[in-house]
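One structure is given here, and the rest of the page talks about it.
We did not get these values from a lab; they are worked out from the coordinates using the rules stated. Please read all numbers here as calculations on a predicted model, not as lab measurements. Here the Cβ positions follow ideal geometry from the backbone for every residue, glycine too, while neighbour counts run over all protein chains shown.
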Amino acid sequence: MIRIFAAMFSGAFRLTAVLRHIVLLLLLAAPLAAQTSEPLLRLTLPGDTSPRLISRDDLLALPQQRFVTATIWTEGVVAFEGPTLHDLLAAQGITADPQTPLTARLVALNHYFVDMPVTEATPEAPILALTRDGVALTARDKGPLWVVYPYDADRAYRSEVIYARSIWQLTEILVMPAAPAR
C-alpha cells in the first residue's frame with residue numbers, strides 16, 4: 001500500500017513539476033512574443049495624418065539582405081542582416097521618382113537626424129540592420145535598428161555623407177518632398 005501511495009505521489013509530483021516548468025516557459029516566452037509585435041519604427045509618408053507603426057515582424061516579412069563588413073564603430077568584420085530601406089519604402093508605395101523627388105529624414109532615439117534623397121536608397125543598401133552576427137540588436141548595441149551600408153564593398157560607402165547616414169537606434173523615418181535645389 002505504501003508503495004502504491006509513493007508511486008502515485010511521485011507521479012503527481014512529477015506532473016506538477018512538469019506543469020510548473022510549462023507555465024514558467026510560457027511566462028518567459030510571452031515578453032518575447034510581445035517584443036516582436038511592438039512598433040520599432042514610426043514611418044510618416046506624404047499625406048499621412050499619423051505615422052505608420054512598423055514592427056519587427058513587419059520588417060522580417062520583407063526580403064532580408066545580409067552582408068559582412070567592417071565599420072568604423074565596431075571591432076573587426078561583422079555580419080549585418082535586415083531589409084533594405086528601399087524595400088521598406090517600396091512596400092509602403094514609395095518609389096524613387098526624379099519627377100517628384102522625395103527626402104527621407106532618418107531620426108535616431110537621441111533626436112539626431114539626417115536627410116537622404118529617396119533615390120539613394122537602392123535595392124542593395126542601406127539596410128535597416130536587425131541583427132549583428134546573428135544576434136538581435138538592442139538599444140545597448142546600436143539597435144534595435146541600425147542603418148548600415150556594406151562599407152567594404154565599395155569605396156563610395158566610405159565617405160562622411162554615408163557615415164552620417166549610418167544612424168543607430170533608428171526610431172523614425174519621415175518621407176517628405178525634397179527641398180528645392182538652391
Q. Ranked highest first by average number of other Cβ atoms within 10 Å, how do 61-68, 128-135 line up?
A. 128-135, 61-68
Q | Cα centroid separation - the stretch 135-170 against the stretch 54-131, whole Å | A | 9 Å
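Given contacts defined as C-alpha pairs under 8 Å and at least six residues apart, what's the relative contact order of the stretch 48-153, whole-number percent?
Values: 166 pairs, mean separation 28.0, N = 106.
The value is 26 percent.
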Q. In nanometres, what is the gap between the two model label sites at ASN110 and TYR163, each 7 Å from Cα along Cα-to-Cβ?
A. 1.5 nm
Q: Tell me the label-point distance for the pair ALA178, VAL78, using the 7 Å Cα-to-Cβ offset, in nm and rounded to one decimal.
A: 3.0 nm
